[in-house]
Amino acid sequence: MKITIIGTGFVGVVSAAVYASFGHTVVGLDIDEKKVQALRNGKVPFYEPGLEELLLEQQKDGNLSFTTDYGEAVGGSDIVIIAVGTPSTDEGKANLSYLYAATESLASHLKEGVIVVVKSTVPPGTLDAVDDILKTHATARYDLASVPEFLREGSAVSDTLNPDRVVLGATNEKVFEVLEDLHSPLKAPIVKVTPESAQMGKYAANAYLATRITFINQIADLCEHNGADVQEVISVIGLDKRVGGHYWYPGFGYGGSCFPKDVKELAYYSRLVGEDQNLFNKVNELNNQRINRLLTAYGKKIGGWEGKQVAVLGLSFKPNTDDMREAPSTKVVPWVVEKGAEVHGFDPKALKSAEYFLQDTQIELHETIEAAVAGADVVIALIEWSEIVAFDYASTKEDKKQYFIDARNQFNPEKISKAGYEYLGVGRK
Ligand code: UDX
């Protein structure tokens, strides 16, 4: 089959490389010339383990190409997948202008019988708006579907190749058949639902996980008041099969390109349909306030931030990515700088992103952990990159009082204390 992917962001590039690896002819389209040129040269504009290798392999095999030309990309295509960004406004309204612009641009190039798939995260009902645009601008007969993406950054290639499920949202059996066939190399359950359920399912999945994280963060905060250890509490509740102990690292709150945006959008959508008193408003609010609250509390324990030298380890929003969208570092660094601290930062892959995301903040970036922690009064281990967790902090301990803030409860408190630091975790002693 010939497949077109519109939008070469994170989801677009990963999907293009993976569908090409199934033996299809895949064309990735983007309106950004520079991006397309880089992708043609086998360069992925972000760090994602295994992606560049897969991309190069598929380009070499002739299965995958990139273009800026709608006619070339969409013409003759059996499936056109739209994977453009849908950034939200401050209040949480999904901005669908890129989606609508792409729909308008592709419409006149569609071949008879094509399936147009929306992969971007969109509010329920969006497929009707896409349909209205196509009805006005397309001459070919087409079908529509909604196929949301559940991949995580940092493990996107393996998530796409080994998903927990594939969700297909469509309204007719022929479309289901073609999309089932497209995803048949994946040994995953296929969930066939309406487009609206697929769209709600995507929001619900992310909002549930974000709520779960917010819940355990709240429990951690309560533990601070009574001497309980949140990690022990997780082991108590985690053995309940209805709950499970997975995906529960308390810390500085969730970040990244999906959870903050999707929770905010679901809150907005809830308000839009009259559900003003909704859970998602609160989850969003608690997560937004979290870093401020925690840093204020740590400030009391360390005798104030003013004049302290602080090493922030882990600047990306999670390990194995250089993505800093809604990364805790983007709030932590300006906050402590504003309180009068001097900040040194380290990240294994996100130093370039940090130059951009933290350009307005006073931070000295370092290539090694040793250099970042040298002279530090406070070490904040913000993100659990394996090199940050495995580092021997005893080797850099200095002859002065030093605090170690374990922002994701990834370290053994005893080991850190033995190394000479005063250990401060989240919801634990
Ligand atoms: C997420 C979803 O997992 C994925 O299915 C969806 O399609 C896109 O959004 P991603 O943002 O890449 O993926 O990362 P994920 O690993 O799920 O983490 C999201 C955020 O939650 C990160 O900031 C992470 O640090 C935080 N998190 C995760 C916690 O704070 N505690 C946890 O226990 C797990």
Output for the stretch 172-196, where each listed residue is touching a residue at least 60 places away in the same chain (Cβ under 8 Å) and either in a helix (DSSP H, G or I) or within 16 Å of the ligand (Cβ to nearest atom) (or both): VAL175, VAL178, LEU179, LEU182, PRO195, GLU196
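Which one of VAL332, VAL336, VAL426, VAL343 is buried (at least 23 other Cβ atoms within 10 Å of the Cβ) and assigned to a strand (DSSP E or B)? Show your work before the answer.
On the way: VAL332 fails: assigned to a strand (DSSP E or B); VAL336 fails: assigned to a strand (DSSP E or B); VAL426 fails: assigned to a strand (DSSP E or B).
Of the residues listed, the single one that is buried (at least 23 other Cβ atoms within 10 Å of the Cβ) and assigned to a strand (DSSP E or B) is VAL343.
With respect to LYS135, determine if the residue is outside any loop (DSSP other than H, G, I, E, B) and among the charged types (D, E, K, R).
Details: outside any loop (DSSP other than H, G, I, E, B): yes; among the charged types (D, E, K, R): yes.
It is true that LYS135 is outside any loop (DSSP other than H, G, I, E, B) and among the charged types (D, E, K, R).
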In the stretch 205-243, the residues that are among the hydrophobic types (A, V, I, L, M, F, W, C) and in contact with a Leu (Cβ under 7 Å, 6 or more places away or on another chain): ALA207
Return the pair list, or none, for Cβ contacts closer than 6 Å from residues in the stretch 248-270 that are under 13 Å from LYS282 (Cα atoms) and outside the structural domain of ARG290 (by TED's automatic domain parsing) to residues that are within 6 Å of the ligand (Cβ to nearest atom) and outside any loop (DSSP other than H, G, I, E, B), at least 6 apart or on different chains. none
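Report yes if some residue within the stretch 53-74 is in a loop (DSSP other than H, G, I, E, B) and closer than 22 Å to GLY154 by Cα; otherwise report no. Walk me through how you get there before you give the answer.
The first filter runs over the stretch 53-74 and keeps only residues in a loop (DSSP other than H, G, I, E, B), leaving 61-63, 68-69.
The next check asks that each one be closer than 22 Å to GLY154 by Cα; those that pass are none.
No, the conditions are met nowhere in the stretch 53-74.
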Residue count, the stretch 192-216, condition open to solvent by 60 Å² or more (accessible area, probe 1.4 Å) and among the hydrophobic types (A, V, I, L, M, F, W, C), comes to 2
Among the numbered criteria (1) within 23 Å of VAL147 (Cα to Cα); (2) surrounded by fewer than 18 Cβ atoms within 10 Å (Cβ to Cβ), which single criterion is violated by LYS60? (1)
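Taking the conditions exactly as written (at pLDDT 95 or above, out of contact with any strand residue (DSSP E or B) (no Cβ under 6 Å at 6 or more places or on another chain) and away from the ligand (no atom under 11 Å from the Cβ)), does LEU209 satisfy them or not?
For LEU209, the condition - at pLDDT 95 or above, out of contact with any strand residue (DSSP E or B) (no Cβ under 6 Å at 6 or more places or on another chain) and away from the ligand (no atom under 11 Å from the Cβ) - is not met.
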Output the number of the condition that SER235 fails; it satisfies all remaining conditions of (1) in contact with a helix residue (DSSP H, G or I) (Cβ under 9 Å, 6 or more places away or on another chain); (2) among the polar types (S, T, N, Q); (3) within 15 Å of the ligand (Cβ to nearest atom). (1)
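The values are calculated or read from the model by the stated rules, or taken from the named source; none is laboratory data. Owing to the predicted nature of the structure, the values given are computational and were not obtained by experimental measurement. When we count neighbours, we look across all protein chains shown, and the Cβ atoms used for this are built from the backbone with ideal geometry, even at glycine. Keep in mind that these areas ignore ligands, DNA and RNA; they rest on the heavy atoms of the full protein, side chains included. Shrake-Rupley method; radii C 1.70, N 1.55, O 1.52, S 1.80 Å.
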